[in-house]
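The values are calculated or read from the model by the stated rules, or taken from the named source; none is laboratory data. These figures come from a predicted structure and were not determined experimentally. Glycine gets a Cβ as well: all are built from the backbone with ideal geometry, and neighbour counts include every protein chain shown.
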Amino acid sequence: MKVKAFKAWRPVADRAEQVASVPYDVVDTAQAAALAAGNPDSFLHVVRAEIDLPAGTDPYSDAVYDQAKANLQRLMDDGVLVREEQASIYLYSQQMGDHLQYGIVATCHIEDYEAGRIKIHEKTRRVKEADRIRYVDTQNANAGPVFLAYRDSAAINTVVEAAKGSEPLYQFTAEDGVAHTVWKFEDPTVLEAAFAAIPATYVADGHHRSASAAKVGAMRRAANPNHTGEEPYNYFLAVLFPESELKILAYNRVVLALPGSKDAFSQALAEKFVVDKNGVATPRKAGEICMYIDGQWSTLTPKAMPEASDPVAALDVSILQNDVLAPILDIEDPRESNDIDFIGGIKGTAELEKWVDEGRAVLAFSMYPTSMDQLFSVADANLLMPPKSTWFEPKLRSGLLVNTLD
């Protein structure tokens with residue numbers, strides 16, 4: 001892996017908590033506006049710039065990208081963000097309850113993405129990928145990092161342990177109760193060498209960000225007759241975590257409409273699954289799917305399991321897609337369908353009940369979490385999971401470290 005130190009733009013010490021924001025894709029416009037209210041330094045003004053434009057503004061309009069660029073530039077001009085004089089690599093820890101994880105913040109080379117050494121497990125949506133391309137190209141920056149996983153390395157662990165004892169650059173607890181701490185490594189070359197021995201990394205979260213970074217880099221490479229491969233646009237911002245520290249939660253589904261009657265749905269479902277109306281809301285093991293409809297939780301167990309040798313077909317999210325969503329509910333492509341939505345497991349099953357009980361959805365499915373081993377198996381086989389198969393927590397904050405492409 002080509003992992004490199006970079007000259008970060010980062011908040012001055014007393015503004016880090018005010019600047020750091022949730023990622024752009026975990027909030028809608030209204031939620032982003034509420035979180036940023038009264039805080040002009042919130043990085044949501046950069047990653048969800050439509051909150052500074054009139055209500056109803058098309059989030060994909062030129063005005064939004066121009067506003068995002070202006071907002072980032074204002075933070076730089078006002079000294080809220082300052083640029084490091086020396087290229088560095090950083091250690092970033094997050095603690096949510098009793099779960100603690102340490103990631104390494106650096107830049108990764110787009111050639112590793114193009115060559116498949118940065119492995120993906122999901123397709124991207126064209127409209128979202130185009131949106132991130134516009135953001136990166138217009139701002140000339142990676143405003144949010146890609147979340148990468150790597151197989152545990154004793155050499156990297158040793159360097160990380162030493163850094164934990166140094167004085168942190170930032171240390172704060174966000175409004176959601178997650179504690180964030182950032183340190184700077186003294187010698188980035190040690191980590192650059194250590195990652196050169198890592199054969200591959202895996203996109204845990206940020207498929208659209210990684211794809212857009214690679215495409216912006218390719219555009220600039222094509223436009224530069226003197227391209228060498230080491231220009232800043234060849235690298236994108238990432239946080240790299242060892243697999244043993246990562247926590248995957250379920251990514252649940254709500255179905256907004258049925259193509260036919262509830263009786264017809266129930267009959268078709270019973271052909272493929274044993275349906276136990278036991279009131280259990282959360283699957284107890286892989287191979288179980290819990291369904292909420294008409295105020296009742298049931299556990300669905302497939303009557304026939306797919307071949308375990310197929311790492312994609314064996315996933316619970318694939319069983320749901322292949323045996324329920326596509327053949328019974330006519331949801332062939334959940335990335336494009338208007339009849340399905342996705343709820344991160346962090347919100348719990350009560351959120352699923354709320355959607356159905358309030359009439360926003362007809363039924364909901366509570367899933368068993370995909371494992372890291374399953375993610376690696378799918379990616380190593382160059383296969384793709386159904387969309388929204390994994391939900392990682394805690395989420396990385398945006399704005400603590402920003403990479404510009406110059």
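Take the conditions surrounded by fewer than 20 Cβ atoms within 10 Å (Cβ to Cβ) and closer than 22 Å to Ser261 by Cβ and apply them to Asp333. Does it pass?
no
List pairs: first in the stretch 66-81 and acidic (Asp, Glu), second surrounded by fewer than 23 Cβ atoms within 10 Å (Cβ to Cβ), Cβ under 8 Å, 6+ apart or cross-chain?
Note: pairs meeting the criteria are Asp66/Thr138.
From the list Ser261, Ser266, Ser298, which residue is over 30 Å from Phe6 (Cβ atoms) and touching a Lys or Arg at 6+ places or on another chain (Cβ under 7 Å)?
Ser298
Could you list, in sequence order, the residues of the stretch 148-160 that are closer than 18 Å to Thr189 by Cβ and free of Cβ contacts under 8 Å to residues at least 40 places away in the same chain?
Correct list: Thr158, Val159.
Conditions tested, residue by residue: (1) touching a helix residue (DSSP H, G or I) at 6+ places or on another chain (Cβ under 7 Å); (2) without any contact (Cβ under 8 Å) to a residue 60 or more places away in the chain; (3) within 30 Å of His180 (Cβ to Cβ).
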position: Ala211; (1), (2), (3): yes, no, yes
position: His227; (1), (2), (3): yes, yes, no
position: Val239; (1), (2), (3): no, no, yes
position: Val255; (1), (2), (3): no, no, no
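Which residue pairs have Cβ atoms under 7 Å apart, sit 6 or more places apart or on different chains, and have a first residue in the stretch 356-376 that is outside any loop (DSSP other than H, G, I, E, B) and a second that is polar (S, T, N, Q)?
So the pair list comes out as Ala364/Asn252; Phe365/Asn252; Ser366/Asn252; Ser366/Thr282; Ser366/Thr349; Leu375/Thr390.
Using the structure shown, decide if Asn142 is farther than 26 Å from Ser389 by Cα, crowded, with 18+ Cβ neighbours inside 10 Å and touching a residue at least 24 places away in the same chain (Cβ under 8 Å).
no
For the stretch 63-78, does any single residue satisfy the condition of being in contact with a His (Cβ under 6 Å, 6 or more places away or on another chain), under 30 Å from Asp333 (Cβ atoms) and among the polar types (S, T, N, Q)?
No, every residue in the stretch 63-78 fails to be in contact with a His (Cβ under 6 Å, 6 or more places away or on another chain), under 30 Å from Asp333 (Cβ atoms) and among the polar types (S, T, N, Q).
Considering Asp131, Asp187, Asp176, Asp152, which residue is surrounded by fewer than 22 Cβ atoms within 10 Å (Cβ to Cβ), more than 19 Å from the chain's Cα centre (by Cα) and closer than 28 Å to Ile346 by Cβ?
Unique residue meeting the criteria: Asp152.
Picking from Ala223, Ala196, Ala264, which residue would you name as being over 23 Å from Gly399 (Cβ atoms), of a type in the set (Gly, Ala, Ser) and not assigned by TED's automatic domain parsing to the domain that holds Val146?
Going through Ala223, Ala196, Ala264 in turn, the sole match is Ala264.
Restricting attention to the stretch 67-83, does a residue exist that is in contact with a Ser or Thr (Cβ under 8 Å, 6 or more places away or on another chain) and surrounded by 15 or more Cβ atoms within 10 Å (Cβ to Cβ)?
Within the stretch 67-83 (the criterion being in contact with a Ser or Thr (Cβ under 8 Å, 6 or more places away or on another chain) and surrounded by 15 or more Cβ atoms within 10 Å (Cβ to Cβ)), the answer is yes, since at least one residue qualifies.
When you go through His99, His109, His45 one by one, which is the residue that is within 21 Å of the chain's Cα centre (by Cα), of a type outside the set (Val, Ile, Thr) and over 23 Å from Thr138 (Cβ atoms)?
His99
For Asn403, work out the one condition from (1) within 25 Å of Pro199 (Cα to Cα); (2) surrounded by 17 or more Cβ atoms within 10 Å (Cβ to Cβ); (3) of a type outside the set (Ser, Thr, Tyr); (4) at pLDDT below 95 it doesn't fulfil.
(4)
State whether the residues of the stretch 391-399 include one that is modelled with pLDDT under 95 and either farther than 30 Å from Glu84 by Cα or in a helix (DSSP H, G or I) (or both).
Yes, because at least one residue in the stretch 391-399 is modelled with pLDDT under 95 and either farther than 30 Å from Glu84 by Cα or in a helix (DSSP H, G or I) (or both).
Of all the strands (runs of 3 or more DSSP E) wholly in the stretch 273-339, which have at least 2 residues that are within 26 Å of the chain's Cα centre (by Cα)?
Strands (runs of 3 or more DSSP E) meeting the threshold: 289-293.
Can you find even one residue in the stretch 195-208 that is farther than 16 Å from Met1 by Cα, touching a residue at least 60 places away in the same chain (Cβ under 8 Å) and of a type in the set (Asp, Glu)?
yes
Among the candidates Asp330, Asp323, single out the residue that is assigned by TED's automatic domain parsing to the domain that holds Val280 and in contact with a Lys or Arg (Cβ under 6 Å, 6 or more places away or on another chain).
Asp323
Does any residue of the stretch 391-404 turn out to be in the same structural domain as Gln73 (by TED's automatic domain parsing) and among the small types (Gly, Ala, Ser)?
yes
With the requirement that a residue be loosely packed, with under 14 Cβ neighbours inside 10 Å and either of a type in the set (Gly, Ala, Ser) or in contact with a helix residue (DSSP H, G or I) (Cβ under 8 Å, 6 or more places away or on another chain) (or both), what does the stretch 270-285 give you?
Result: Ala270, Gly279.
Residues are listed down the side, and each one gets a yes or a no for (1) crowded, with 21+ Cβ neighbours inside 10 Å; (2) over 29 Å from Asp310 (Cβ atoms); (3) of a type outside the set (Asp, Glu):
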residue	(1), (2), (3)
Ile343	yes, no, yes
Lys347	no, yes, yes
Asp357	no, yes, no
Ala364	yes, no, yes
Asn382	no, no, yes
Gly399	yes, yes, yes
